[in-house]
Amino acid sequence: MAPKIQPKSEIISIIPQPRGNRAVKAIFLFIFVCLIILYFYGSNNYTSSQVVYGMAIHFIISQAWEFIVSLSEFSEEITHVHTRYNGEYLRAFKASFCMRNVYIFIFTSAFCYIFYDEDLLQRFSCVINLVMLFLCNLLCRLFGLQGPTPAAISEITEKRHLNVGHGLAWSYYVGYLKFVLPALKDSVKKFSKENNLLKSSDTCSLHILIPLSCRIYGDLKEIDGNIEFVKELPPLYIDRAGIKGRVFKNNVYRILDEDHRMDCWVVDICTMILPRQRACVGCFKRIELRIWTWTSNYLSDSSCPKYCLAQCTEVHIRS
């Protein structure tokens, strides 16, 4: 029986559409309501100058709260300044603070200081204070002064596993390592029957290379002349994604170390970092380390046999 094809209109109805600007329209509506309340409750009791000065004071209080939060974030970011910001404290500062908030906070504080007058400091009623507070926060929200900082966004994506590196690591594990690693032991045994190259347990492991240079090489000899391709391990054939007998291969490389000893290793480069190769290099370097961290976590938490847990080794290439 042929599968039922859904009409195009039904397919479109279940696809998430881009968000509109209803939230902005709602903010404008609330601002309009606050202005009406402020007019009816304050026009007879306070002058326009007093209301404007009171709004400025509330605005300073609102921005001071954002400044304290950003300062708290900065105290955390400076502990990671070398691993996340290449040792640049200014970058860590800009990631923790919204610079527009800082400039507007300084400007508003200077405004209140220059035009300070005791007559402008009135004891507003509870309703007026509440309306001013709402109005200031709505205006801050409208002009993007209360959005999360880059540091806060980074923290949210990392804690909730929403980072690009997390998704790439998950894809690398589920789509490759999860079924390649359990079969690696048998491939090494078959290979060792004809070749006496993989002698120790370390050389029988799969060594995943993570280039710090953000470059992916088709031949490892391009990185270092001391690395030489030897042979391929027996290929693994798996029915995958509708393709019968899809081939997965791993290569054996001969490496000359600093003591001029020749060792053979099963080597693979984490291909999931390839889509990020053309992206921002600084972002890439942080993503690649997260790929390694989360891939290691997936291996330790997975149902793979115990011998597979030691078969993922981190090797950094600094070329």
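Legend: distances between Cα atoms for Lys25/Lys94; Lys189/Lys244; Lys185/Lys231; pairs beyond 20 Å are Lys25/Lys94; Lys189/Lys244. Scaled to the globular estimate 2.2 N^0.38 Å, the Cα spread of segment 44-120, given as radius of gyration, is 1.49.
Qualifying GluC sites (Glu not before Pro) in segment 46-141, where qualification requires a DSSP coil assignment and no more than 15 other C-beta atoms within 10 Å, comprise Glu88. When you filter the trypsin sites (Lys or Arg not before Pro) in segment 123-168 for DSSP loop state and at most 12 other Cβ atoms inside 10 Å of their Cβ, you are left with Arg123, Arg160. To the nearest 20 debye, what is the magnitude of the charge dipole of segment 1-144 about its Cα centre, counting +1 on the Cβ of each Lys and Arg and -1 on the Cβ of each Asp and Glu? Once rounded to the nearest 20, the dipole reads 820 debye. Efficiency by 1/(1 + (r/R0)^6): what FRET value for Ile61 and Arg22, r their Cβ-Cβ distance, R0 = 25 Å, to the nearest 0.05? Efficiency computed from Cβ-Cβ geometry: 0.30.
Other residues with beta-carbon under 14 Å from the beta-carbon of Phe74 carry, at +1 per Lys or Arg and -1 per Asp or Glu, a net charge of -3.
Spacing of the modelled spin labels on Lys185 and Ile68, each 7 Å from Cα toward Cβ, amounts to 5.8 nm.
Shown in residue order for segment 49-64 are the 3J(HN,Hα) couplings computed by the Karplus curve 6.51 cos²θ - 1.76 cosθ + 1.60 at θ = phi - 60°: 5, 5, 5, 5, 5, x, 4, 5, 5, 5, 5, 5, 4, 4, 6, 5 Hz (x for Gly and Pro). Computed in the context of the full set of protein chains, the accessible area of segment 117-200 at 1.4 Å probe radius has 57% of its extent on carbon or sulfur. Distance between the pseudo-spin-label points of Glu155 and Leu121 (7 Å out from Cα toward the beta carbon): 3.4 nm.
Here the simple spin-label model places points 7 Å from the Cα toward Cβ, and for Arg246 and Phe30 these points are separated by 4.7 nm.
The residues of segment 17-163 present an accessible area of 69 Å² per residue when probed at 1.4 Å with all protein chains retained.
Counting only other residues whose beta carbon sits under 12 Å from that of Ala151, what net charge do I get with K and R as +1, D and E as -1? Once all neighbours under 12 Å are counted, the net charge is -2.
The Cβ shell under 15 Å around Phe28 holds other residues with a net charge of +3, Lys and Arg each +1, Asp and Glu each -1. Near the amide H of Lys231, under 5 Å away, which other amide H atoms are found, from residues 5 or more places off or on another chain, if H is placed in the peptide plane? Correct list: Val252. Whole-Hz Karplus values for segment 175-181 come out as x, 9, 5, 4, 10, 7, 4 Hz, taken residue by residue from phi with 6.51 cos²θ - 1.76 cosθ + 1.60 and θ = phi - 60°; glycine and proline positions read x.
The values are calculated or read from the model by the stated rules, or taken from the named source; none is laboratory data. In this text, all values refer to a predicted model and were calculated from it rather than measured experimentally. Methodologically, a virtual Cβ is constructed for each residue, glycine included, from the backbone with ideal geometry; neighbour enumeration extends over all protein chains shown. Remember, those area values only see protein heavy atoms, side chains included, never the ligands or the DNA or RNA. Shrake-Rupley method; radii C 1.70, N 1.55, O 1.52, S 1.80 Å.
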